[in-house]
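**Student:** This is the structure, below, for whatever I ask next.
Every read-out reported here was derived from the displayed coordinates using simple, explicitly stated rules and does not represent laboratory data. Quantities reported herein were computed from a predicted structural model and do not represent experimental measurements. Glycine gets a Cβ as well: all are built from the backbone with ideal geometry, and neighbour counts include every protein chain shown.
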Amino acid sequence: MHIVHSESSCGWGGQEIRMLEEAAGMLARGHRVTLLCPPEARIYEEAARSGVPAVALPIARKGLAGLRALRAWLANVRCDVLNSHSSTDSWLAALALLGMNPRPALVRTRHISAAIPDNIATRWLYQSATRRIVTTGERLREQLIRDNRFRAETIVSVPTGIDLARFAPADRAQAKLRLGLDPAQACVGIVATLRSWKGHRYLVEAFASLKQKDARLLLVGNGPGWDNLKQQVAQLGLVARVLMPGNQADVVPWLQALDVFALPSYANEGVPQALMQAMAVGVPVVSTSVGSIDELVRHEETGLMVPPRDADALRAAIERLLGEPALGERLAQAARAWVSSRYSRERMLDRMEAVFRSVAA
């Protein structure tokens, strides 16, 4: 098949990473894959590094220029499936395909749990123009059926899969040494784009009152919340104990160095890749029941769950994991087994390939 992905967002995070992982996997399986995105988007540069062919089109915003460019490209290049990923490119794709014959099947992937408007236009986009909706978690699928009354048979959940050979347990002390960290110090951390709804500020607040005063906090990633977090860290007198190394090309060593991984998100989550990766490397995790997170973290079984925006509950959970190594080890082993059985990269590729074949038939 020729599978085309469209992405209007110029941001960078789990959505874009999944898209490139999926595209690279389909290329390896012998399919032809093309990415359509704005020339200024980071994914355009990252696609080249991943070996994914990318075409720059002016689709960052809704407008005639983007619509005409997309329609012209689709009219000149035969493809079997057009997989859109954000609101803007989904609308542009649906409108560009109007009246086109033959035309590719439109698949819309929903990566986050943000609410979708309940109106006639949106219903047309999702239920008439789109052949299949893919969500990255079952809770997101249930949300569309419940809140938007979309037909259940048009929606399928295909969680992101990870490379379990790459995200594997390692000696924690050695991982800390490789990063220049003290093996004797406990490390609490998060790997995520610095967006408000990831809940970094609640993690910093929780860390400030942690009774383990020799612990370190690792905030791995970059994003629009950088300046606010730096200011919060300084105001709480935590500069010497908080490390903000920015984006990392390889996050595996950072995950392997952690004693506790925390993701205190309060909105918009699907099944977060970083949380899945932490579980795969054998780190005990703390998170919140947002989006499809509870499909990964089962309280007291594969991790600990706390209410969103509750720094005190988050602190208590982190203290518990740091203070009870046997509990952390039990949860981490169960989490690794859970992720291994359900969230492999090959499983994701199998299921997406089946979706694409079904709509292209």
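**Student:** Quick check: Cα centre of segment 208-280 to Cα centre of segment 4-82, how many Å?
**Tutor:** So the separation of the two Cα centres works out to 30 Å.
**Student:** For segment 267-361, with the dipole built from +1 on Lys and Arg beta-carbon atoms and -1 on Asp and Glu ones, taken about the Cα centre, which of 305, 287, 361 lies farthest toward the positive end?
**Tutor:** 361
**Student:** Further question: What's the angle, to the nearest 10 degrees (0 to 90), between helix 226-235's Cα axis and the longest principal axis of the chain?
**Tutor:** Rounded to the nearest ten degrees, it is 20.
**Student:** A further question follows. Relative contact order for segment 172-342 using alpha-carbon pairs under 8 Å, separation at least 6, rounded to a whole percent? Intermediate results must be reported in sequence, preceding the final value.
**Tutor:** Details: 322 pairs, mean separation 39.6, N = 171.
23 percent.
**Student:** Using per-residue counts of other Cβ atoms within 10 Å, averaged over each peptide, order 93-106, 239-252 from highest down. Numbers along the way, then the final one.
**Tutor:** Values: 93-106: 16.1, 239-252: 13.9.
Ranking the peptides 93-106, 239-252 by packing returns 93-106, 239-252.
**Student:** Still on this structure, please answer the following. Beta carbons within 10 angstrom, averaged per residue: use that to sort the peptides 264-271, 24-31, 118-125, 75-82, highest first.
**Tutor:** On the way: 264-271: 23.0, 24-31: 14.9, 118-125: 12.6, 75-82: 16.5.
Output ranking for 264-271, 24-31, 118-125, 75-82: 264-271, 75-82, 24-31, 118-125.
**Student:** Measure of size requested: the Rg and Dmax of segment 35-89, with Cα atoms as the atom set and Å as the unit; please supply both.
**Tutor:** 11.2, 31
**Student:** To the nearest 10 degrees, how steeply does helix 345-360 sit against the main Cα axis of the chain, on a 0 to 90 scale?
**Tutor:** So the inclination is approximately 20 degrees.
**Student:** Which three lengths, in whole Å and largest first, does segment 172-342 cover when its Cα atoms are put on their principal axes?
**Tutor:** Cα extents, longest axis first: 41, 35, 32 Å.
**Student:** Using a cut-off of 14 Å between alpha-carbon atoms, which aspartates and glutamates can reach residue 211, once sequence neighbours fewer than 8 places away in the same chain are excluded?
**Tutor:** 312, 319, 324
**Student:** What is the chain's relative contact order, in percent, from Cα pairs under 8 angstrom and six or more apart in sequence?
**Tutor:** Details: 703 pairs, mean separation 54.6, N = 361.
Across the chain, relative contact order equals 15 percent.
**Student:** Straight-line reach only, C-alpha to C-alpha below 21 angstrom: list the lysines that residue 176 could link to, leaving out same-chain residues fewer than 8 apart.
**Tutor:** Those lysines meeting the cut-off are 213.
**Student:** Find the percent of Cα-Cα distances in the chain that exceed 34 Å, and round it to a whole number.
**Tutor:** Working: 18194 of 64980 pairs.
It works out to 28 percent of all Cα pairs.
**Student:** Summing +1 for each Lys or Arg and -1 for each Asp or Glu, what net charge is found among the other residues whose Cβ lies under 10 Å from the Cβ of residue 149?
**Tutor:** On the way: positive: 123, 146, 151; negative: 118, 147.
Every neighbour counted, the sum reads +1.
**Student:** Here is a further query. Which net charge results for the neighbourhood of residue 216, defined as the other residues with beta-carbon distances under 12 angstrom from its beta-carbon, given Lys and Arg at +1 and Asp and Glu at -1?
**Tutor:** On the way: positive: 176, 213, 241; negative: 182, 214, 259.
Neighbourhood net charge equals 0.
**Student:** Which angle between 0 and 90 degrees, to the nearest 10, do you get for helix 14-28 versus the longest principal axis of the chain when only C-alpha atoms count?
**Tutor:** On a 0 to 90 degree scale, this one is about 60.
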